[in-house]
Amino acid sequence: MKLKSYIIMLAAAAGTGFFSACEDMLEPTSEYVLYDDGSHLTTPADTANSLVGLFYKLQAIGDRTNLLGEMRGDLVTLRSNASTDLQDLYNFNVGDDNRYNNPRDYYAIINNCNYYVTHVDMNAFDNRGNRIFEKELAQVKAVRAWTYLQLALNYGSVPFYDTALLTEQDANAIDLTASRRDLLGICDYFINDLQPYINTSWPTMHIVGTVWMVNCYFPIDMVLGDLYLWRASLTGSVSDYRSAARCYYRWILDDSRGTGILVSDNHVMKPVYTPASNSVELVTEGAYAGVMSSYRSLFSFSTASYGQETFTMIPMDSASSQGYYSELPRLYNSQFGTDDNGMAYVDTSDGEYCITPSNHLQEISMAQSYYLLNEEGDHVTIDWDEADADPLLEGDLRLYALWNTGSYNTTIGGEAGTATYSGLTKNNQRAIPIYRQTDVWLRLAEALNGAGLPRMAYAILATGLNNVIVEDSIMPYCNDADLAFVNELNSMGHGNSFMLFGTTRNGVRTDGIIGIHSRGSGYAELNPDYAYPMVDSIAADGSHINGYTGQDTLAWAQMHLAEEQLRVDSMLLTEMALETCFEGKRFYDLMRFAKRHNNNAWLADPISKRNGESNQDQGLRNLLMTEDNWYLNWKDQIGK
């Protein structure tokens, strides 16, 4: 795809071309703002084309969106052939000249957004009295908020400005110290900035090149939900957690934009629901290979979209000769050539893959138990016969589904040898995913847990949500304020039904919804290893009782709320590792939980265990126990 060819300079009518702007707020360049002679953006062509140009600017940070979040986490490891820049990023030793440390690209996006916000004609109305450019403006503001959030997450403290810098004089007028905002300041500003656009629909744009533009849009509810979630993690505000949950829930229920519902067809090794007989059919041990594709297909790529679940992506160029061709497929996957016999082999001419799943991720995966009902209706944990050959079959099956690795014989130049290969399905595409459906569910669960509803968060992981689950398993543990909030969420749904589903429960679920954990670990709802982490009560004689000791249900739950929230948070982080590995989210997830619990060990411990539980890097742990070491710094002008 060549998005460049679809950018129409806003100054075309005036014939003035591009004008100097500010590259990093210090150095002027002609490519960082689409500039005209100062007039407003007044026609649909102006606004549509500049919006496409903005999406083109996002390509510059596409790969970094993944690598900055994944290289510094606990779920991947680097091979020795990785570039120095990648190794320095992995080891938290990033210098000014590291190719992944370039805040100028973020400010290029921001400056274009600022220009748009300043110059779009908001006094233009259609014959129904609607502002003509409001939809496009909402998208520009969402992109600006998301970009500033990425800057704050990666640099900690960043120069902030919300007007376009069109000249060197404009840039010089910015005080890089006085204008700084930290993560909390960024959240405060953009929560207020995006609030008026909550119900704004998307612009009517279709295909540009081979890309469906709807797949490039940043939903207001997702960006706003993330801002609330981060602010709540910084301040502990229950109100902000609930605002975040409202945003995510609103997005889930919006059928018009194709978010869809988490259904049983899209998980690995699923029990097959048969409502007519009200029973669960056993997936036999030999069936795993065939149904793996149901999970892999979530990340399959076409020229128009990225997988079945992704609803926001950054489309990258389709050829390496073009400006923004993603390097992620090469970094995460072996590249193949042809040997003397015409057989495929790993081609090292362009550099081998250098990113693989970490031992820590493999341990997390293998620690899960796969659970379902057998043909007799007994609850069983599956021990696959093939697990001796591949330990990843022992636990959760998502990593096994995504990671393809092995060795084979080859002959090159008459020399016989053995070649190894590795491939990760998620990163064998040319588009960079930003949001997908399961992100919404996991963040909704996180927000609900922080909002004081750990059982509702747990249900998203273990069972899915519907009216009966909420009424039976959540409401009895709610105080009046909790009940009001749960009822508010319920009222947001169609037909007054949670997640648009109704059901009857007779031991076996028949409504087709599942918990996220069931995507890789079988029938999680009835798995005793995945039961709700109820806190033991202590009887008068000092013995532990897993139940109640005289208090009513509500009083007992409220007494142990903080401890149960802590345990559900641990389950959430594990589930995020299993479900969103390799997507560039991990470091930020760890950061958010560390801030929430005011304990840097939530980040430092897992990252220091990349090489396995028994091989903890104590030096790395000590480094990361100091928060300032989490952030990048660029020339002492941005960052901590």
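Against the list (1) modelled with pLDDT under 80; (2) more than 25 Å from His517 (Cβ to Cβ), the condition Asp385 fails is (2). Of the residues in segment 230-242, at least one is outside the structural domain of Asn102 (by TED's automatic domain parsing), part of a loop (DSSP other than H, G, I, E, B) and either of a type outside the set (A, V, I, L, M) or within 24 Å of the chain's Cα centre (by Cα) (or both). Going through (1) in contact with a helix residue (DSSP H, G or I) (Cβ under 9 Å, 6 or more places away or on another chain); (2) without any contact (Cβ under 8 Å) to a residue 40 or more places away in the chain one by one, Met559 falls short only on (1). Of all residue pairs spaced 6 or more apart or on separate chains, those with beta-carbon atoms under 6 Å, a first member in segment 459-485 that is without any contact (Cβ under 8 Å) to a residue 60 or more places away in the chain and a second member that is of a type in the set (S, T, N, Q) are Asn466/Thr503; Asn467/Ser497; Val468/Thr503; Ile469/Thr463. When segment 463-492 is filtered for residues that are more than 19 Å from Val238 (Cβ to Cβ), of a type outside the set (A, V, I, L, M, F, W, C) and not in a helix (DSSP H, G or I), the ones remaining, listed by number, are Thr463, Gly464, Asn466. Scoring Thr47 on the criteria (1) closer than 23 Å to Tyr217 by Cα; (2) modelled with pLDDT of 65 or more leaves a single failure, condition (2). Thr580 falls short on exactly one of the conditions (1) out of contact with any Leu (no Cβ under 8 Å at 6 or more places or on another chain); (2) within 26 Å of Leu331 (Cβ to Cβ), and that condition is (1).
The single residue among Ile432, Ile460 that is part of a strand (DSSP E or B) and under 21 Å from the mean Cα position of the chain (by Cα) turns out to be Ile432. In this structure, Asp378 does not satisfy being at pLDDT 70 or above and of a type in the set (Asp, Glu). Restricting to segment 185-243, name every residue that is at positive phi and modelled with pLDDT of 95 or more. Selection gives Gly236 alone. Of Leu176, Leu227, Leu165, all but one fail to be touching a residue at least 40 places away in the same chain (Cβ under 8 Å), assigned to a helix (DSSP H, G or I) and either over 27 Å from Phe133 (Cβ atoms) or touching a helix residue (DSSP H, G or I) at 6+ places or on another chain (Cβ under 9 Å) (or both); the exception is Leu227. As a summary of the residue check, Asp96 satisfies the conditions (1) over 26 Å from Asp605 (Cα atoms); (2) in a helix (DSSP H, G or I); (3) touching a strand residue (DSSP E or B) at 6+ places or on another chain (Cβ under 8 Å) except for the one numbered (2).
Tell me whether segment 485-497 contains one or more residues that are more than 27 Å from the chain's Cα centre (by Cα), at pLDDT below 80 and buried (at least 22 other Cβ atoms within 10 Å of the Cβ). For segment 485-497, residues more than 27 Å from the chain's Cα centre (by Cα), at pLDDT below 80 and buried (at least 22 other Cβ atoms within 10 Å of the Cβ): absent.
The values are calculated or read from the model by the stated rules, or taken from the named source; none is laboratory data. For clarity, every value in this text was computed on a predicted model and none was experimentally measured. Here the Cβ is made from the backbone with ideal geometry for all residues, glycine too, and neighbour counts use every protein chain on show.
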